[in-house]
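Structure record follows, encoded as structure tokens.
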Amino acid sequence: MNDLTPAAALAKAAKAHPGPARVGIGGPVGSGKTRLLEQLIPRFRARGTNLAVITNDLTTKEDADRVRRSGLIEPERVLAVETGACPHTAIREDPTLNIQAAEELSIKYPGLDLILIESGGDNLASTFSFDLVDYWIFVIDVAGGDDIPRKRGLGVLTCDLLVINKVDLAPHVNVDLPRMIREAHEVRAGRPVLETNCAKGDGVDQIVERIASDVLFDR
Ligand SMILES: Nc1nc2c(ncn2[C@@H]2O[C@H](COP(=O)(O)OP(=O)(O)OP(=O)(O)O)[C@@H](O)[C@H]2O)c(=O)[nH]1
Ligand SMILES: [Mg+2]
């Protein structure tokens, strides 16, 4: 029986993941998830956020090794999860491996504020379980085509923040960027959409501000 008052249920939900906030980064293969990580890490470090990272790849540790080698963060703060066949299984149906990795980092680094969790590249229907994350970002890119928002994939519709990356490529791939952005706002009915060039870092400060205000509550 659920005997919690609505206020108590909310308070309980707010404490669902004691310890560091967990933010998921999902999206199609090659949309720029790791590049976004590489842009977010120095910005969070500069604002004093105590940070760790989990990456997911099918059968390798490719992305974790790339972030470890980047010199942006202590290599020990980056854990790799190998998901096997289906990336979404490890972030939605059975996120046990990712939850264990998050707990391992929380124990190792008691003052941790934030864990960024990159999903393996997946399809437009990919979503995160709220057993794993407090908030999740879905990264699509301009080179995937300006019809992607119109296709109303579950990831695009339901994420907390939609990022349209590689805006620099629009003129090279015949994409009508203003239309893509407009349609993204339409299908998301007012929920946030931000545009980035993660190759250079344009637009990434706004993502940090969002996470700071909506997830970290400026801790
Ligand atoms: N021109 C341009 N290239 C970008 C941008 N963001 C990422 N890239 C490039 O796109 C490629 C894929 O980026 P990644 O960050 O590896 O993509 P990913 O989503 O992590 O890929 P998977 O983990 O394999 O799904 C790389 O060559 C990046 O350098 C951008 O904003 N503009
Ligand atoms: Mg990646």
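Bear in mind these aren't lab numbers, they're just calculated from the coordinates by the rules spelled out. Computed from a prediction, not measured in an experiment: that's the story for all the values here. Note that each Cβ is placed from the backbone with ideal geometry, even for glycine, and that neighbours are counted across all protein chains shown.
Side notes on the structure shown:
- Stretched out straight at 0.36 nm per residue, the stretch from ALA125 to SER70 would grow longer than its current Cα-Cα span by 16.8 nm.
- Close amide H pairs (under 5 Å, H built 1.01 Å from N) link ALA21 with LEU114, ILE115, residues at least 5 positions away or on another chain.
- Efficiency of FRET between ASN50 and GLN100 - r from beta-carbon atoms, R0 22 angstrom, step 0.05: 0.65
- Stretchable slack from GLU186 to ASP218, in nm (0.36 nm times residue separation minus alpha-carbon distance): 8.6 nm
- Stretch gain in nm, segment GLN206-ILE107, where the contour uses 0.36 nm per residue and the Cα spacing is subtracted: 32.6 nm
- Here the chain carries DSSP beta bridges of which approximately 5% are antiparallel, counting only pairs with both residues inside.
- Rotationally averaged projected area of the chain (alpha carbon convex hull; nm²): 12.8 nm²
- Listed residues ALA199, ALA184, ALA102, most fluctuating in the chain (Gaussian network, C-alpha, under 10 Å): ALA199
- Per-residue ellipticity at 222 nm, computed for the chain from helices alone with -39500 (n - 2.57) per DSSP H run of at least four residues, works out to -9000 deg cm²/dmol.
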